[in-house]
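Okay, structure first, notes after.
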Amino acid sequence: MPCARRRKEGQLTDLAYEIEHLVKIYPRQTEPATDDVSLDIRTGEVFGILGDNGAGKTTLVRQMVNLLRSTSGEIRLFGRPIAQNPLHVSRSVAFMPQSSGALNRLKVGEAIYFAAHLRGMTRRDARLERDAMIETWQLGQVRDKSSSRLSGGQQRLLQLALAMAGRLPVAVLDEPTNDLDPVNRKHVWEVLKKFNTEYGTTILFITHDAIEAERIVHRVGIMRQGRFLMTGQPAQLKRGLLDHMRLEVWLAPGEPPAFPPDIPQHWKSDDNVVLSVPRDRAPALLSELRLHESVDYRLHSATLEDLYLHHATTAD
C-alpha cells in the first residue's frame, strides 16, 4: 500500500492552514456568510466544525479548497497563499462535498482508480490504491456497479473513497456520515482515525454527528452566523457544562411528560428529547418524571453535542 506523503517539498510550517480575517459576502446579500474568521489548523490535526444550518460552515470550507473566492482576508496552505497558488490546493487537499456527481458514469472501481491516477499515482499504484480503498470502505459488493446506481449510503462511502484515494496530506470533508446507518457511521470514524494516526493525514470536517465525531477530533469549532463562537479541545470546552448531565428520553406514544420549564430541552423528533439537567437535581427529576414509563432513557455526562446545542442555539 503506497505510503502517505506527510510533507511535500516547500511545506516548511507546522500549520496546514492559516486563515486570517476571512470574509465572504454573496452578491445581493448584506450579511456576510463568513464574518472575520481567523483560524489555524495544525499539520496532522483532526478538526471538526459544528453549527446550525446557515452558520457558514460550507461557505468556509469551500473557500479553503479554493472553490469560492473570498471577499477579503487570506488563506495560506502550508505557508503559501492559496489565491496565488491555485494548483497547490488541488495537489495537497482532497475535498468531499455534501453531494457530488463527479465520475458518476463510471463503475465504482474505475472511479477510484482514476481519482488516484489523476492525483499523480502511477497506473500500477493507482490499481493498488483502488483495491485498498474498496477494501477499506467496504465497497467490494458494488465494485463493478455503475456509481450512478448506488444507494445514498453507498454513494457516501464512494465519495469518501474518492476523497482519500491518492493519500493527499489534507482531507476536507463536508458531512462525511450523511445518509449512513449507525454501523457505517462508526466505520467511517474508525477509518478516518486510522488515516490520521497511521498516515498523518490532516482532517477537517463538518458534521452534525457530534457525539460520534467526539471520538476522533483533537479540536472542534462551533460556528454561528458566520463566526466561530469558540474553538478548542472538547474536554476543555465542556468544562463549563461539568455541573450538568445529559438526559435523553425516548417517549411512548401519547401524552409526553411535563418537563420543568427551567430545564433546557432540545426535541430531536416527536418522541425523542434531550434535556440538560443540573447534577444535583438529577435523582429527583428521574423520580418525578416517571421515566420508567418511557420507551427508554439515558443519563450521562455532557457530550460535544450538548456543548453545540448550548452555545450554537442560545448565543446572542
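The values are calculated or read from the model by the stated rules, or taken from the named source; none is laboratory data. Bear in mind the structure is a predicted one, so any value in this text is a computation, not a measurement. Don't worry about glycine lacking a Cβ; one is built from the backbone with ideal geometry, like all the others, and counts go over all protein chains shown.
Things worth noting here:
- Qualifying residues in the stretch 208-239 (those that are touching a Leu at 6+ places or on another chain (Cβ under 8 Å) and of a type outside the set (A, V, I, L, M)) - the one nearest to Ser38 (Cα to Cα): Phe228
- Scanning the stretch 226-239 for residues that are in a loop (DSSP other than H, G, I, E, B) and crowded, with 17+ Cβ neighbours inside 10 Å yields a total of 1.
- Taken over the stretch 86-97, residues that are surrounded by fewer than 17 Cβ atoms within 10 Å (Cβ to Cβ) and not basic (Lys, Arg) amount to 3.
- Residue list for the stretch 186-211, filter: part of a strand (DSSP E or B) and surrounded by fewer than 20 Cβ atoms within 10 Å (Cβ to Cβ): none
- The residues of the stretch 152-173 that are part of a helix (DSSP H, G or I) and closer than 11 Å to Ile203 by Cβ, listed by number, are Ala163, Met164.
- If the condition is being among the polar types (S, T, N, Q), at pLDDT 75 or above and outside any helix (DSSP H, G or I), then the stretch 274-316 contributes Ser276, Ser301, Thr303.
- Restricting the stretch 212-223 to residues that are under 12 Å from the mean Cα position of the chain (by Cα) and in a strand (DSSP E or B), the residue that is nearest to Glu45 (Cα to Cα) is Arg219.
- Residue within the stretch 42-56 that is of a type in the set (Asp, Glu), surrounded by fewer than 21 Cβ atoms within 10 Å (Cβ to Cβ) and touching a helix residue (DSSP H, G or I) at 6+ places or on another chain (Cβ under 6 Å) present: yes
- Set Leu77, Leu106, Leu67: member being under 24 Å from the mean Cα position of the chain (by Cα) and farther than 26 Å from Pro27 by Cα: Leu77
- Any pair with Cβ under 8 angstrom, 6 or more apart, that starts in the stretch 112-134 at a residue that is buried (at least 24 other Cβ atoms within 10 Å of the Cβ) and ends at one that is outside any helix (DSSP H, G or I) and charged (D, E, K, R): Glu129/Arg167
Residue-wise test of (1) assigned by TED's automatic domain parsing to the domain that holds Ile134; (2) at pLDDT 95 or above; (3) of a type in the set (Val, Ile, Thr).
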{"position": "Met1", "(1), (2), (3)": "no, no, no"}
{"position": "Glu9", "(1), (2), (3)": "no, no, no"}
{"position": "Ile19", "(1), (2), (3)": "yes, yes, yes"}
{"position": "Pro27", "(1), (2), (3)": "yes, no, no"}
{"position": "Glu31", "(1), (2), (3)": "yes, no, no"}
{"position": "Leu39", "(1), (2), (3)": "yes, yes, no"}
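- Any hit, the stretch 74-84, residues being touching a strand residue (DSSP E or B) at 6+ places or on another chain (Cβ under 9 Å), in the same structural domain as Leu162 (by TED's automatic domain parsing), farther than 18 Å from Ala163 by Cβ and among the charged types (D, E, K, R): yes
- Qualifying residue in the stretch 240-259 (condition: more than 14 Å from the chain's Cα centre (by Cα), at pLDDT 85 or above and in a helix (DSSP H, G or I)): no
- Test: residue in the stretch 52-72 that is modelled with pLDDT of 95 or more and part of a strand (DSSP E or B): yes
- Only residues that are touching a Leu at 6+ places or on another chain (Cβ under 7 Å) and in a loop (DSSP other than H, G, I, E, B) were counted in the stretch 25-51, giving 1.
- Conditions (1) under 29 Å from Ile41 (Cβ atoms); (2) assigned to a helix (DSSP H, G or I); (3) in contact with a helix residue (DSSP H, G or I) (Cβ under 9 Å, 6 or more places away or on another chain); (4) modelled with pLDDT of 95 or more: number failed by Asp131: (1)
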